[in-house]
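Comments concern the structure below.
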Amino acid sequence: MGRYVLRRLLLLIPVILGVIVVVFTLLYLAPGDATSVLLGNSYTEAAAAELRAQLGLDKPYIVQLFNYGSSLLRLDFGNSMVSGVPVASELATRLPRTMIIGMFSIAITAILGILLGVTAAVHQNKWQDSLSMVVALLGTSLPAFFFAILLVLAFSFKLKWLPAYGLGGPEHYVLPVAALALGGIAMLARQTRSSMLEVINSDFVKMAKAKGVRRKDIIYRHMLPNALIPVLTTIGMQFAGVLGGGVIIETVFSVPGIGYYLVTGCNNRDYNVVMACTIIISAIFSAIMLLVDLLMAAVDPRIKAQFAGARHKGGK
Amino acid sequence: MGKKLPNLALALAIMMLLSLGAACAPSQQAATTQQPAASADAAATTTTEAAAPAAPATSDGAAATTAAGDAAPAATTPATDAPAGGTMKVALTNPFTGAAAINIANPYRYATFSQVYETLLAYQDGGYVGVLAKEWEKVGDYTWKVTLHDGITDSAGNPFTSSDVAFVMDSQWNVGHNLYVYYEVGSVSVIDGTTFELALNTDSVGAFYLIGSQMLMCSQAAYEGSPDNLATMPVGTGPYICTSYIEGSSCTLEKRDGYWKTGDLPKASVANPDVIEISYVPETVQMSMAIESGSAQVAGQVSMNVSKEVDALDGVTAKYISNGTYNGLGFNMKGRAVSDNKAFREAIAYAIDPNGLIAGVYSGHATPMTGYGIPTASDYDPSWISSISYDPEKAKEKLAEAGYPGGSGATVTLLSNNVGEDAIISELVQGYLAAVGITCEFDYVDPATQSARRAEGNWDLALVGGMGVLDMSLFWGNIYGLSGETGMSLYFHSDPALYAIYDKYKAAGGKTAENLQALYEYERDNVTWQPLFNKQVLYTLSDGYADIYLNDGYMALPYLGTASK
């Protein structure tokens with residue numbers, strides 16, 4: 001297992017290198033650059049060329065890529081071309097906000113989504129199933145943006161329990177987390193229900209029932225681990241969406257996180273910002289997917305056996 | 001355990017549904033939502049402020065250029081009420097990037113930091129007052145001598161001197177200069193600690209005032225002493241200090257002890273609330289709820305989509321402020337077969353109704369632009385009206401005259417950015433042109449590439465605009481560039497006759513009434529571009545804060561400290 005983890009960690013290196021090259025190339029090929037923003041209505045080709053030289057954007061592609069790569073080796077993400085602020089310091093400030101929202105929303109998504117899915121599956125075609133699926137349908141149908149506004153209306157504007165926007169104590173994160181979690185809960189509940197229904201009539205479940213195993217043990221010790229594999233994959237994928245796609249929630253609640261930073265960087269053609277955000281997001285996502293794979297091995301002995309088999313083969 | 005967890009999940013699900021129900025339930029205080037723009041009528045509580053009277057800056061040479069001291073040409077107004085203390089909560093729609101004084105020009109940054117960083121001058125009540133500058137006078141065609149107040153210090157205790165002014169103006173070049181007028185800064189010669197001479201590249205008086213009132217100042221010591229050149233924590237000479245700044249989220253300003261300036265203060269220097277808490281709320285519905293709930297006692301840059309709702313609120317005053325911007329339709333006359341046809345340009349100008357655009361996009365809160373210039377320009381002549389007003393039948397006649405009877409085969413490409421108001425305006429323009437038979441295709445680009453795409457020149461029409469114009473020299477400078485056809489050209493004209501007139505006007509001593517008139521007449525007779533409207537911005541002020549000074553006619557720059565409670 002340890003060797004597998006090490007191998008996966010080493011695989012992160014080519015993945016991130018690939019991300020750097022692909023994103024850098026796409027940005028290089030994309031029309032426009034930061035000079036357009038910096039010069040505004042003063043833009044002329046001559047002024048842009050001068051500024052481009054100042055920013056090093058006039059150099060050949062391969063030179064720019066090499067320069068950027070060299071900076072990265074020194075863990076230097078450069079400065080924002082628009083604000084002049086070191087990108088690393090901005091990331092250090094913004095990433096925790098996004099991670100707090102992302103981690104909590106994923107945790108809530110996982111708990112509620114799985115529980116709702118299990119409830120729906122074990123009470124198939126009963127009212128619990130219907131209610132769970134209504135909630136799931138609602139969550140899928142309601143855009144996160146709209147649900148966020150509804151939450152603000154209910155809990156900030158009318159009940160005045162929670163702040164509507166801004167940063168501060170933990171209470172400021174409640175509504176963003178809830179808004180971001182809803183869609184995930186819905187998707188996960190449907191996925192869990194579907195997976196549970198696949199195993200509910202399996203022979204091992206019938207055997208457990210026949211042996212008189214308690215119902216909750218059948219559900220949580222036999223059925224759920226077998227149904228969790230696709231669910232864990234879904235959770236991992238949702239985390240990626242939360243990291244990169246939380247920009248709408250960040251905008252609605254005025255939480256300046258990494259998603260908002262990335263979008264602003266794209267709009268400003270601020271290459272250093274876009275590159276840094278993409279690298280960080282891809283690294284975190286790769287780490288999360290690794291964690292998901294390890295969790296899958298933990299809950300499914302068959303996968304663990306595959307690791308063991310690989311190690312055995314490798315040992316020969 | 002086995003049953004409790006699913007039950008908990010169900011209970012949470014039910015709570016979620018109930019909360020949604022609660023949010024959607026009808027209420028006396030029903031939250032506002034975005035409404036399609038429709039009409040221009042405003043409720044009784046609305047105060048519409050007209051554009052400021054013409055700025056006193058003149059541009060006709062030395063005779064009127066001996067403005068000196070706080071007395072001229074400004075209207076000095078006593079400070080507002082005595083300090084009232086307390087905390088004022090402000091919500092602004094537009095966050096911005098970077099808090100440094102030396103940065104690309106951004107009116108939204110000014111709205112937050114105008115009382116942390118100071119400027120040499122400030123536009124106030126239609127004139128200019130000195131802020132850092134005590135006296136100023138024009139000592140040559142291109143040169144201004146400025147004397148600073150004695151004893152200026154920033155909040156970190158650094159003295160602010162003439163050398164700091166020179167440092168800021170020199171450094172501006174290194175961080176971007178997206179404002180046309182920044183190109184007019186030539187050099188700064190320091191005479192002594194409080195006196196310097198500013199040599200401009202133009203004899204435009206307005207250029208001096210624009211630079212003086214827009215370029216935020218900071219001390220070199222504070223700038224260089226900051227690990228990120230003040231980008232995340234501003235340090236200025238103003239009456240407030242910034243104690244917390246979270247980009248894109250919030251900013252807290254606190255009244256500064258030991259502010260260097262005393263006595264009869266310009267409005268920009270007044271500090272009434274002890275603390276100003278600013279939140280950035282870009283989402284429109286959030287903003288309207290913040291206004292309605294009172295959590296935003298002052299709200300700025302509010303979307304016109306909610307103008308009707310805020311007009312109807314009790315205890316809230318909606319102010320529609322002319323912000324000195326102008327918007328028009330630019331014709332690309334450089335090698336474009338269609339728009340290089342005068343009759344065709346006239347047809348387009350006749351086909352578009354500015355009032356329709358204003359109603360459709362700004363809920364009626366903008367002013368049709370009838371002439372070639374804006375009233376805030378000191379030497380603007382109100383008689384310079386466009387000879388063209390909305391007339392679809394006339395448009396069709398002109399179209400036939402241009403060789404496109406019924407619009408057959410007439411296709412134009414409209415360059416516009418693909419977000420916000422511009423995208424909606426483009427669609428309305430497309431509709432107006434279709435009504436007279438012209439096919440309008442979009443070249444939508446995102447804002448970051450718009451300037452570059454405009455320079456490529458593969459378009460016929462473009463939505464264009466500018467702001468902060470104090471005299472016609474600056475106005476035309478924005479439109480026609482620094483040095484005629486070889487310089488910047490926002491509207492991308494290519495007409496040697498036009499540029500000959502412009503260059504004559506722009507030359508030293510050329511800013512005469514005769515040259516002004518000649519330029520106007522050429523524009524009018526040749527429809528080199530078509531003026532559309534002057535925008536307004538919406539501020540809402542809760543009871544107790546209605547006396548905040550909103551610098552109308554000039555970027556709608558609010559001096560938040562002038563609010564008393």
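The values are calculated or read from the model by the stated rules, or taken from the named source; none is laboratory data. What you are looking at is a predicted structure, and each value in this text was computed from that prediction instead of being measured. Because the Cβ atoms are built from the backbone with ideal geometry, glycine has one as well, and the counts that use them run over all protein chains shown.
A few points about this structure:
- The helices (runs of 4 or more DSSP H) found wholly in region B:305-393 and carrying at least 1 residues that are in the same structural domain as B:K511 (by TED's automatic domain parsing) occupy B:342-351, B:354-362.
This table checks each residue for (1) surrounded by 20 or more Cβ atoms within 10 Å (Cβ to Cβ); (2) assigned to a helix (DSSP H, G or I).
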position	(1), (2)
A:M223	yes, yes
A:L228	yes, yes
A:T233	no, yes
A:G236	no, yes
A:R269	yes, no
A:S286	no, yes
A:L295	no, yes
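- So B:G130, is it touching a His at 6+ places or on another chain (Cβ under 8 Å) and under 30 Å from B:K506 (Cα atoms): yes
- Filtering A:L72, A:L26, A:L9, A:L38 for residues that are under 17 Å from A:D270 (Cβ atoms), at pLDDT below 85 and either out of contact with any Lys or Arg (no Cβ under 9 Å at 6 or more places or on another chain) or in the same structural domain as A:D293 (by TED's automatic domain parsing) (or both) leaves a single hit, A:L38.
- Test for A:L72: is it of a type outside the set (D, E, K, R), farther than 30 Å from B:I102 by Cβ and more than 14 Å from chain B (Cβ to nearest Cβ): no
- Pair list, Cβ < 7 Å and 6+ apart or interchain, from region B:318-345 residues that are under 24 Å from B:A400 (Cβ atoms) and in contact (Cβ under 8 Å) with a residue 40 or more places away in the chain to residues that are of a type in the set (F, W, Y) and in a helix (DSSP H, G or I): B:V338/B:F344
- Restricting A:V252, A:V247 to those that are in contact with an Asp or Glu (Cβ under 7 Å, 6 or more places away or on another chain), within 12 Å of chain B (Cβ to nearest Cβ) and closer than 30 Å to A:L162 by Cβ reduces the list to A:V252.
- Qualifying positions in region B:445-471 - more than 23 Å from the chain's Cα centre (by Cα) and in contact (Cβ under 8 Å) with a residue 12 or more places away in the chain: B:G457, B:N458, B:W459, B:D460
- The one condition in (1) of a type outside the set (A, V, I, L, M, F, W, C); (2) surrounded by fewer than 17 Cβ atoms within 10 Å (Cβ to Cβ); (3) under 27 Å from the mean Cα position of the chain (by Cα); (4) within 14 Å of chain B (Cβ to nearest Cβ) that A:P170 fails to fulfil: (4)
- Take the conditions (1) of a type outside the set (S, T, Y); (2) in contact (Cβ under 8 Å) with a residue 12 or more places away in the chain; (3) in a helix (DSSP H, G or I); A:V255 misses just one of them, which is (3).
- Unmet requirement for B:L313, which otherwise passes all of (1) modelled with pLDDT of 90 or more; (2) crowded, with 22+ Cβ neighbours inside 10 Å; (3) not basic (K, R): (2)
- Qualifying helices (runs of 4 or more DSSP H) (wholly inside region A:28-144; at least 2 residues being within 30 Å of A:G236 (Cβ to Cβ)): A:61-73, A:87-122, A:127-141
- Taken over region B:112-142, the criterion of being of a type in the set (G, A, S) and more than 25 Å from B:P95 (Cα to Cα) is satisfied by B:G126, B:G127, B:G130, B:A133, B:G140.
- Single residue of region A:194-218 satisfying the filter (part of a helix (DSSP H, G or I) and within 12 Å of another protein chain (Cβ to nearest Cβ)) that is farthest from the chain's Cα centre (by Cα): A:R215
- Filter result (in contact (Cβ under 8 Å) with a residue 12 or more places away in the chain, within 22 Å of B:A268 (Cα to Cα), within 14 Å of chain A (Cβ to nearest Cβ) and more than 23 Å from the chain's Cα centre (by Cα)) within region B:224-244: B:L230, B:M233
- Flag for A:G32 being touching a residue at least 24 places away in the same chain (Cβ under 8 Å) and crowded, with 18+ Cβ neighbours inside 10 Å: yes
- The residues of region A:54-69 that are surrounded by fewer than 17 Cβ atoms within 10 Å (Cβ to Cβ) and more than 13 Å from chain B (Cβ to nearest Cβ), listed by number, are A:G56, A:D58, A:K59, A:P60, A:Y61, A:I62, A:V63, A:L65, A:F66, A:N67, A:G69.
- Count - residues of region B:431-466 that are surrounded by fewer than 19 Cβ atoms within 10 Å (Cβ to Cβ) and either outside the structural domain of B:W529 (by TED's automatic domain parsing) or at pLDDT 90 or above (or both): 6
- For beta carbons closer than 8 Å, sequence separation of 6+ or different chains, a first residue in region A:145-160 that is at the interface with chain B (Cβ under 8 Å from one of its Cβ atoms) and a second that is part of a helix (DSSP H, G or I) and among the acidic types (D, E), the qualifying pairs are A:F157/B:E292.
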